[in-house]
Each structure stands twice: as structure tokens, then as C-alpha cells.
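Derivation of every value follows stated rules applied to the coordinates shown; laboratory data play no part. Since the structure is predicted, the reported quantities are computational estimates derived from the model, not experimental observations. Every residue, glycine as well, gets a Cβ built from its backbone with ideal geometry; the counts of neighbours run over all protein chains shown.
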Amino acid sequence: MRPVGRLGVGIELVGRHVEVKALAAALERAAVGRPTGVLLAGDAGVGKSRLVAEASERAAAAGFTVLVGRCLDTGESALPYLPFTEIVGALAAARPELVAEHTALRHLLPGGFRRTEQRPGEHRELGQLQVFDAVLSALADLTSTDPALVVVEDLHWADRSSRDLLVFLLSRLTGQRLVVLATYRSDDLHRRHPLRGVLSELVRLPAVERLDLSPLDQTEALRLVRLLAAGTLSEAALHTAARRSEGNAFFAEELVSASADGMPHGLAEVLVARVEGLPPATQRVLRIASVAGRRVRHDQLAAVSGLDVDELEQALRDAATHHVLVAEESSPTSGDTYLFRHELLREAIYHELLPGERSRLHAAYAALLAELPPGTGNRAAELAHHAMAGHDLPLALAASVQAANEANEREAPAEMLQHAERAIELWSAVPDAERVAGVDEGTLTRWAAWGASATGDPDRGIALGRRALELAEERGDPFLTSSIARRYTLRLLELAGREREALAAAERALAVVADKPPGEHLAWAHAVLARTLLRLDRLTDAAREARAVLDVTGTMPDEASAMASAKAYALTVLASCDEYNGDAESARARLRKAKPLARSSGNLSVELRVYYIGGISLLDAGRLDEAVDEFAAGEARAAATGLTWSADGLDLRVAHVIARFLRGDWDSAEAAAEIAGESVSAVVATRLSAAGMLPAVARGRFEPAERRLAELREFESVDEQVILFVGQAGGEAALWQGRPERAAELLSQALDALASGPFADFAPQLGRIMLDSLAIGAEADLVAVGRKPVAEATRAARALLADAERTARDGMPRAGELGPEGLAWLCRARAELTRVEGRSDPQAWSEVVEAFGYEAGAPGTAPGPPRGYRQAQALLRRAEARLAAGAAHAAAGPVEADLRTALEIAERLGAGPLERAVLAMAERAGLRLRDAEPARPTGPDPLTPRERSVLALVAEGGTNRQVGQALFISEKTVSVHLSRVMAKLGAASRTEAVTIAYSRGLLTAPRVGG
């Protein structure tokens, strides 16, 4: 059959001038190496596909390679990477050498991935990253010769893996000559739709823009209806159709098409009326086709319908003529296929089916799919869906297990979880389920538990892990029970407040193998118990269990990977115990020994743990540069192995953000805390975003920071890091904005949260010292503005100082003596008390400046000039104290020196609130710190401080390499910053960007001779 075009095909595009201009601009930018992601949103039928067709035609005419992938509503089938399978298939046809060069793309080709005996959950994290990187690399290679337009249609139906891959691509748009255009139905995004969270992060990416396609206005709608009708309707009918379409292009087409049978009052009535007007045989074929999904194969229709060739072709011809089905070009893999011209049309037909008719047709499709050989396309996922809907539970169970395996082989943990959970639900309803499924229930539950954890749902993973442990104990296999109990323990440790449950599980893991000969199960049982005891601050017991690991592994060669990883794990526990006992050098010596053991064992989790413990040791000692290097190395290892968002990878990234912030590298701290472009769990997003609030508040981005902080407070988290970061950022934001009452309230809430709930039984967290110090500062501000009596504020401040000193004495975690950061905050708390009492002491603030000296260099070295953020704050307070003591004239030199140094630090860091406070203090003191105010940009400043630094060096003639050397960043990173600058300023070149920046006051002219 030759395809029959839809009613609107061939007519000109009506309206959409703004959207066409925006897409044309994106194509022009991509042609010169400035990639763009475009999210095209609109209600169903509003005209997204027509606009995509227009963009595709323009791109093809401009020499672009156009690759299109479509998402389909596959119900429960959960076909992973469906749009990218289509895109890679088209790429294979156009540029087969690119697909051949990137072998991981075989996962996205039907039947192209190699089957293995590997089960879900067995070290699969790296595979998905390889698939993602292969797609990105192939597109980069493609666009090195010709620009490309990649289209993903109907993103609202995308599976989890496709969403993750799209996010990966959009977050890595750097210098490719590429436009990625994704469309989705905005009216389909209900409150809990999985796409909502992804979109909220994507729109924050600098290279991504969103176009909202609104309905056509009345004039445009009438013009569209007139073109569609082509003279077949009266003027009155045209106006009626235009009015009832409400600017929706699809509605307009349907209304015009149905006009001969009378005007229905709603779209559903229009759709049903259209179908009911077709011959009975055609209606029957459409009902059968609707059960298959949006797309249906000719051979399947023939088999299920039972019609002879002539009857079936006549029915299909009628359906195509009336624009219900569109015939697609035949392909070697699927043969002749037909597509419903709109999903809403298919849904309307499907919902008209009687329940018995629906289940019978699903069963018929299931029978057809069951005859296909395993591995054919997405046979298992489709078979599971149809068998379930057709009430063939044994077949649904077997197919679900197979679909879980196939999803795992395609590195799609979300779909693997969906299929595994459906199989678990069917288990009790299917006689002899283990024989039917080919696996036991415990194995299936372990798959699901791994899938839940891998997709960022720790609570669900814990529940499934608990069930897996119960099933293992029922089998009576001590080694299996111990293994699952250990995994269950580690999952429990990922969430605060579950330590007691984790201890019971860890003790169970050891108990069942305690009487067995020495081996990996016994070694690992001791190791996991040691880690759990350490988490509970039971240091002596933890060290005992860790030494037991060394006793067991001492009888085995280190070459045995399981033994080597258990030994490395035990060494990390002993290193932590050494730290707490004040022997940091012994701790680091153990970690140096653990690192090669962990690497050689191949246990990535243990290896990342070694990096994290080592970095924390250096951070606690105030050795910021070394700590940053250690965290960076661990984070790079996590990224290279696909474990960035694992529990250990997250710990490394959060610690890296904090270390960078403390060191004053705020640009990279904010970049590392940015999760836009990553699909992560709420736990990950909350903790990392909370850490990123510290530089955001310090730079004065109060409005977005407060919105995010409010969201974080609503998140029901018992994560002590989140409590600390949110309390600190919220308190400091309120203080900078002159709201000391609010600051005191937020800091009090954080202190209470750290002493209640799951933390009540633990030693106080050392972060309390910082919160106490800020809270005393809030009391001082309340006194300064006359909102609290001195006596009342002093009582509150002394109670807070007592809490800080008690925490310094008894708090955990700690390394023998309190580290430099804790000592510095304690020193500041004491200095803040002098402000509360009305006797702000310059000497006390001098001690604070010195205490925070680790920000400027390694502790123990000769003190250098102040250069850290907290030092600058202390300099401001010292100047204030000297002025309050009446020394404005006698100490003008020291006051001016303090304020100038504080201003220089604030300007370098981009600490706007501190800069304004310093200038205000200087004005009160009658000091002029600037000869002339620099030119200020008109309107909001679109550039980050790092982007401005890069552009300033480019303005002076620096190459990317020279700029990178000056700023200690890579040449590639310089290129990324420049791409973002040009995108923000609307510039087509480096020179144009510099010119625009000068004209807008974003850069000041260089000094003569500078």
C-alpha cells in the first residue's frame, strides 16, 4: 500500500513566527560550534510535530544531518532507549562507520547487543555510562564534519533510561555543532510525572532553552481551518470549526474532517464519530490495532483479525484515506507497519473496547509474540505486557523475567526494576513459579533490590532487600544468607536513622558463618560489622572487628580479589579509629596500604571509600589543597567507573564541594554542586544541593537560594549533612539581609534537629560549633539593632557558647584533638560573645583571623596575609571593634588596612554581601577604599565570576591555553566557559563577546601599560 497523507500535510505553516525564529537561531549557532538544546512544550495536538517538521526541513536544507527518534506510549512494556534505538538505527544507515567505531552503540540496535550469562545487579554500573558516552562521542564525531539536528519526539512517554540519556547529552553540550530538539506534552505532566523533575533541572543549563507552544490565536486558527477545508466548508462552518478548535491544530483537523457527519461537541466525540463512520471491517481492524499500541505490524494485524488479504487491505486503505492510520515504509526487521496518526485517537478507540474483547485481543498478540525467537526486538517486554493484560499469568511471569534480563543487558535499571517487580507480584499467583520463571524468588527479589538502589530509591531497595534476606534464610544456605545480609546492611547505612537495624543485620551476617572455615564470607562479615560499629561511634568494637578481618585475610593471598577488598575495607575502618584516637599519621599510612589493595581487587566501592577517608583526614587537618586533590582523584575514579551517584561517589562529591568552598575556589564548588543535567535520586539531589547553598549565599544570591532552602527544609530528610548545610546557609542568608530574628530561628531549628530523632543517641556532631557561633552572632545583631535586651541576649549567647565548648570536648567525628576548622569556629563563638556583651574585642577578632589561617595555607606553615572568606569576615569585625572602641583616628591605619584586605578578598571571591558590608563600614569610618567606582553593568549580570575572568583574559589577547594556565584550569574548560559566555551575550565570536561585554559594562577597559 502507498501511504496516504494526513489532512494537514502540504499546507504552509500557520503562525509560529517567534518559535521558527528561535529554532532558526539555534541552527545558526550550532553551525558555528555553539550547540543548543531546545525543549518544545505544548498541549496535545497544538502543533509540535508540525514545527519539528519545519525545523527539520530547514536543517536539511542547511546541510544538517537530521536524526529523529520517537517515544511511544507502550503501557507497561517499558521499552528502554526506544527513541535512541531509532536515532542510532538512522545513524547506522547514514554513517555505519561511526556505529562500528563506538561498539557500545550495539546496545541500542535491535538484536545488536551480545547476550551474556550476567545477571542484573552484577557490576552493571559501568555499562550504562559506556552507552551514554558512545552516543555522545558518535554525535561529536558526526558533527565534526557536518552539523546535526537530533529530534526526540513525545518525551512525556520516554522511559527512564531514555530520559537519563537525554539529560546526559544536554548537560554535555560544549563545542559540538549540534541541536538537540525534544518535544513533550505539557498537559500530560501531572504532579508526579517523572519528567517534571528532569525538566526543572534541564532548564537551568545555559545551553538549553524552552519554547512553550501556545494555541493559535483566533485569526490564525481561522486561517488554518480555511487551508484545511480547501473550499469544502461554508464560511459559517469555518468560523465554527476555528472557534471550537480553540487554536489547537489537531482539534481543527479533526473538526474539519468530521464536519460532513455533523459537529461533535468534544474531541472524544469527534474521534469516536469519525471511527464509527467507517465500514464495520475497518472499525474492527482499528480496534485490533489499538491493542497493539501506537504502531502495529501488518502481519500481526492479519493474524489477529483473521481477515483475508483483500478484506484487510481494504480496511487499512479506508483507515488511511480517512487519516486514522498512516502507512510507514517497510523495513527488513518489522515489515509493513501502520501508525495511528495521533495517540489520542488510538486511546479513544482502545477505551471503547469491551473488557472481554480487550483481554482476548491482548491474549492473541501474546500468542503471536510467544512464537517469535527470544531476543527479537523488544519481544519479552511486549510479551509481558500483552500476557498480563490477557490474563495469561504464567506467560506474563516468564516474559517479565526475560524482560528484566534484557533491560539489564541494555543498561536500563529502571525498566529492569519494573519487570522484576511485576514478576514478584505474579509469583504467588502462578503454580510452580520457580520452574516457569527459570529463577527462584530470592534471586528475582535481589534483582529488584539492586534496581531500586541503582535508580535512587533507597527506601524501596531496603524493603526489597529485607524480603530477599527472609527468602535466603528460608533456603537455609548460610553463605547466601550472610552475603545478602551484608548487602542489606550497607543499604541501611545509606540512610541516617537506620543504624540499629543495620547492626542487627550485620550481626546476623556474621553469626551464620562464624563457625565456618576462614574465607571471603567470614572476612566480609567482620568488615561490614566493623563499618556498622564505627557508624555507631563504638570505636573499640569496630577496631576489634577490623582486626578480625586482618586475621582471616592473613591466611589467604592478597591476590584473591574478595580477600584483598575485605582487607582494604578493614584498613579504612582502622584508619578512622586512628584518626579518632589522634594518630592521623598512622591513619594515612593504613590508607596508603589500602589503596593499591582496593584497586587490585576490582571492588570500586572499597576503592572510593579509601579516597573519601583519606580526603576527610586531610580536610580535618586543614590541609585544604591536599584534601581537594584527594577528593578530585576519587571523584574522577567514580566518574570513570559510572559510580558518581553511588553512596560512596556522593560522599566524595559533597566533600569535594565543601573543600573547594573552604579553599575559596567558589566557581568550581558551585559547578560541582550543580546537578542540572543529571538524573539523580532525591537523597543525592538534596545533599549536594544543600552543600551548593554555601557559595550561593556567600555570593548574595539570596532569592534563588532561599527558594531552594525552603524546598530542602520540606524534604523529610534525617541526613545530618543536609541539616548542617541548610542551617548554616539559611542562617547566614538571614544575617546578611539584616534579619537576625529569622537567623536565630533557623539556626535553633538546625541545632534541635541534630540533637533529636535518629541523632539523639549519638555524640554531638562537630558541626554544632559552627551553628552555635553563627547563632551567637545573631544574638549580637539583635542587640545591635535594639531588638533584644543585652542581658537576655547574653544569657542565650552564653548557653550557645557552652554548647559549642561541650561539643568541642565530646563531639564526633574527631581526630584526637579538635581540628583547625572546629577550633576556628570555637574562637569565633567566643569573639561573637564580646559583641553581644557590648565590648567587641579587637584582640579576640585577631585570634579569629589567625585561627582561620588554614584557609590561606597548610596549618603549621609560616602565617601569610589573610586571604580566606572567614578571615575577611573577622577583619571586618576587628575593624568594627576598633571603631567602636573610639580608635577611629588613632587606629585609622589598622582599620583601613583591615577593610582594604577584606574588600580585596570579597572582590576576588565575588562575595557581594561581604563587599557591601565592608564599603558601608568604610563609609561610616570616613574612609575611601576605591579611587573610582568601576563601571557597573546595566541590568542583571549574566556572567559568573569565573566566566568574567576568562573573558577578561581573552580581551587582553590570551589564547585558550594561556587563559587556562593563568586560571589553573584546562584548555577544554576555558572553551566551555567561552561557549557559555557567547551564548549568554548572544555573540557569534570571542571578539564580539568582548565588545558586547565592554558596551554593557561587564568588563572594564585595561589600564594603560597593564
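Taking a ≥ b ≥ c as the square roots of the Cα gyration tensor eigenvalues, with a/c under 1.5 meaning rounded and otherwise prolate when a/b beats b/c, else oblate, which class fits the stretch 17-214? Because a/c hits 1.5 or more and a/b fails to exceed b/c, the stretch 17-214 counts as oblate. The Ala61 and Leu109 beta-carbon pair, evaluated with R₀ = 22 Å, returns a calculated FRET efficiency of approximately 0.15. Alpha-carbon geometry of the stretch 276-353: the Rg and the Dmax are 11.3, 34 Å, given in that order.
Of the two radii for the stretch 178-260, the radius of gyration is 1.15 times the Kirkwood radius, both from the alpha carbons; that is the Rg over Rh value. Eigenvalues of the alpha-carbon gyration tensor of the stretch 418-564, scaled by 5 and square-rooted, set the equivalent ellipsoid semi-axes at 30, 18, 12 angstrom, largest first. By the count of other C-beta atoms within 10 Å, a proxy for reagent exposure, Arg835, Arg930 are ordered fewest to most as Arg930, Arg835. Compared with the alpha-carbon gap, the fully stretched path from Arg806 to Val203 is longer by 212.5 nm at 0.36 nm per residue.
For the stretch 221-263, compute Rh as the Kirkwood radius over C-alpha pairs and then the Stokes-Einstein diffusion coefficient at 4 °C and 1.567 mPa s; write the answer in µm²/s, rounded to an integer. Taking Rh from Cα pairs, D becomes 135 µm²/s. The H on the amide N of Val152, modeled in the peptide plane, is under 5 Å from the matching H of Gly69, Leu181, Ala182, Thr183, each at least 5 residues off or on a different chain.
P(r) for the stretch 354-455, from all Cα pairs and a bin width of 10 Å, is 18, 47, 30, 5 %, short bins first.
Here Thr183, Thr901 are placed in order of increasing Cβ neighbour count within 10 Å, fewest first, which gives Thr901, Thr183. Our estimate of slack between Ala25 and Glu741, defined as 0.36 nm per intervening residue step minus the Cα-Cα distance, is 252.8 nm. Residue order for Tyr998, Tyr350, Tyr365, Tyr611, fewest other beta carbons within 10 angstrom first, comes to Tyr998, Tyr350, Tyr365, Tyr611. Rounded to the nearest 0.05, the FRET efficiency derived from the C-beta distance between Leu536 and Arg360 at R0 = 45 Å is 0.15.
Using Cβ point charges alone (K and R +1, D and E -1), the dipole size of the stretch 521-588 about the Cα centre works out to roughly 200 debye. Ignoring aspartates and glutamates fewer than eight residues from Lys567 along the same chain, the ones with Cα atoms less than 15 angstrom from its Cα are Glu520, Glu545, Asp551, Asp558, Glu559, Glu607.
Let me check I have the definition right: for the stretch 128-178, take the eigenvalues of the Cα gyration tensor, multiply each by 5, take square roots. What are those semi-axes in whole Å, largest first?
20, 13, 9
Restricting the calculation to alpha carbons of the stretch 500-641 gives Rg and Dmax of 14.8, 47 angstrom. For the pair Ser234 and Glu470, a Förster radius of 56 Å applied to the C-beta separation gives a FRET efficiency near 0.20, rounded to the nearest 0.05.
Taking label positions 7 Å along the Cα-Cβ direction at both His193 and Asp217, the computed distance is 2.7 nm, reported to one decimal.
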